[in-house]
Amino acid sequence: MASESCAAATAAASAGIGVNWGMNGDHLPPEETVVSLFRSRRINKVRLFNPEEAALRALRGSEIAVILGTFNQDLPRLASDPSFAARWVNTNVKPHADNNVRFRCICAGNEVIPGGLAEHVLPAMRNLDRALRAANVAVPVTTAVHMATLGVSYPPSQGAFSDAARPVMASVVGFLAANSYPLLVNVYPYFAHADNPRDISLQYALGTSDGVVVHDGSLGYTNLLDAMVDAMYAALEKVDGRGLEVVISETGWPSAGGFAATRENARTYNNKVVSRVRANRGTPKRPSSPLETYIFAMFNENRKPAGVEQNFGLFYPDATEVYHVDF
């Protein structure tokens, strides 16, 4: 990996479906068991929210592409101290890249724009990028944002960043575009439906509608996921991010714990997501740009807040299925 160009690394990893490997739960399987489970289910991409040494060691030689995140609380120091960024890379990335871990990208922070940590995202990304280049590890650097960065999301063509998010996003997008790096976006039709079931039908959110539900000029939307992503594309265009690659770094549906949270709904949604990725289908706005997508999450995590947050897993901690997803 160290000898590849960033563009080649991005192209090699651009298509496909993955999962988020969270660890905020008790009695989760050993890391080697989890990697074996990934391979048995043909899951070839994972996202780690922060550097987990045992997980990275277990991924060596697996050919599974890895998005590796930083702790949000490390952003100020990563931003202000290039030597800290260099140590972070030389501890958490370099030795594993040299031992056949395929890094998809490094993610500087998760869902901190807008907010008190937002100002640190771009300088942290720059310092990490310089440190990776100095270590001869060609891996893109990015960040993960949520749909709350948008001030307008409907109709999709009118998507625009909020006043609070726009200045930071414009700078981040400039960095990503200059380097041909992707932007990670967390997209949850479930929460949009749960917040507004009167206007957003269950079928539209699940992706099971029989026909077009939302007309937006010449484009028609049969499912909310496409509409949300196209609203993000529209917002990116307004800050000179036309053509920027978007990766869906999180999407999923809870199987219990709240409104419309059933195993059947979760099974339906996630299988629909996998099917659309496997079909290499883009959105109405960008039909020829398939979306690399990561299901949230691999396991139910009982140390999260009670309710739906504990019930997004495809598997129970004993590695039995909550419901079946055909990867």
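The values are calculated or read from the model by the stated rules, or taken from the named source; none is laboratory data. Because the structure is a prediction, the values reported are computed rather than measured. No Cβ is skipped: glycine too gets one built from the backbone with ideal geometry, and neighbour counts run over all protein chains shown. SASA here: full protein model, heavy atoms, side chains in, ligands and nucleic acids out. Shrake-Rupley method; radii C 1.70, N 1.55, O 1.52, S 1.80 Å.
Is there a residue in the stretch 53-65 that is of a type in the set (Ser, Thr, Tyr) and within 26 Å of Ala177 (Cα to Cα)? The answer is no; no qualifying residue exists.
Could you tell me whether Glu309 is farther than 19 Å from Val187 by Cβ, open to solvent by 20 Å² or more (accessible area, probe 1.4 Å), at pLDDT 95 or above and not aliphatic (A, V, I, L, M)? Taking the combined requirement at face value, the residue does not satisfy it. Against the condition in contact (Cβ under 8 Å) with a residue 40 or more places away in the chain, open to solvent by less than 10 Å² (accessible area, probe 1.4 Å) and of a type in the set (A, V, I, L, M, F, W, C), how does Ala86 come out, does it pass? It is false that Ala86 is in contact (Cβ under 8 Å) with a residue 40 or more places away in the chain, open to solvent by less than 10 Å² (accessible area, probe 1.4 Å) and of a type in the set (A, V, I, L, M, F, W, C).
Within the stretch 232-288, the set of residues being hydroxyl-bearing (Ser, Thr, Tyr) and under 16 Å from the mean Cα position of the chain (by Cα) comprises Tyr233, Ser249, Thr251.
As a summary of the residue check, Ala148 satisfies the conditions (1) under 25 Å from Thr251 (Cβ atoms); (2) touching a strand residue (DSSP E or B) at 6+ places or on another chain (Cβ under 7 Å) except for the one numbered (2).
A single entry from Asp240, Asp230, Asp216 fulfils the requirement of being surrounded by 20 or more Cβ atoms within 10 Å (Cβ to Cβ), among the charged types (D, E, K, R) and modelled with pLDDT of 95 or more: Asp230.
Taking the numbered list (1) in contact with a helix residue (DSSP H, G or I) (Cβ under 9 Å, 6 or more places away or on another chain); (2) assigned to a loop (DSSP other than H, G, I, E, B) in turn, Asp199 passes all entries but (1). Of all residues in the stretch 125-145, those satisfying the criterion of being of a type in the set (A, V, I, L, M, F, W, C), over 29 Å from Gly217 (Cα atoms) and either touching a strand residue (DSSP E or B) at 6+ places or on another chain (Cβ under 9 Å) or open to solvent by less than 20 Å² (accessible area, probe 1.4 Å) (or both) are Met125, Leu128, Ala131, Leu132, Ala135, Val137, Ala138, Val139, Val141, Ala144. Residues in the stretch 146-172 that are within 15 Å of Glu119 (Cα to Cα) and either open to solvent by 10 Å² or more (accessible area, probe 1.4 Å) or within 16 Å of the chain's Cα centre (by Cα) (or both): Thr149, Asp163, Ala164, Arg166, Pro167, Val168, Ala170, Ser171.
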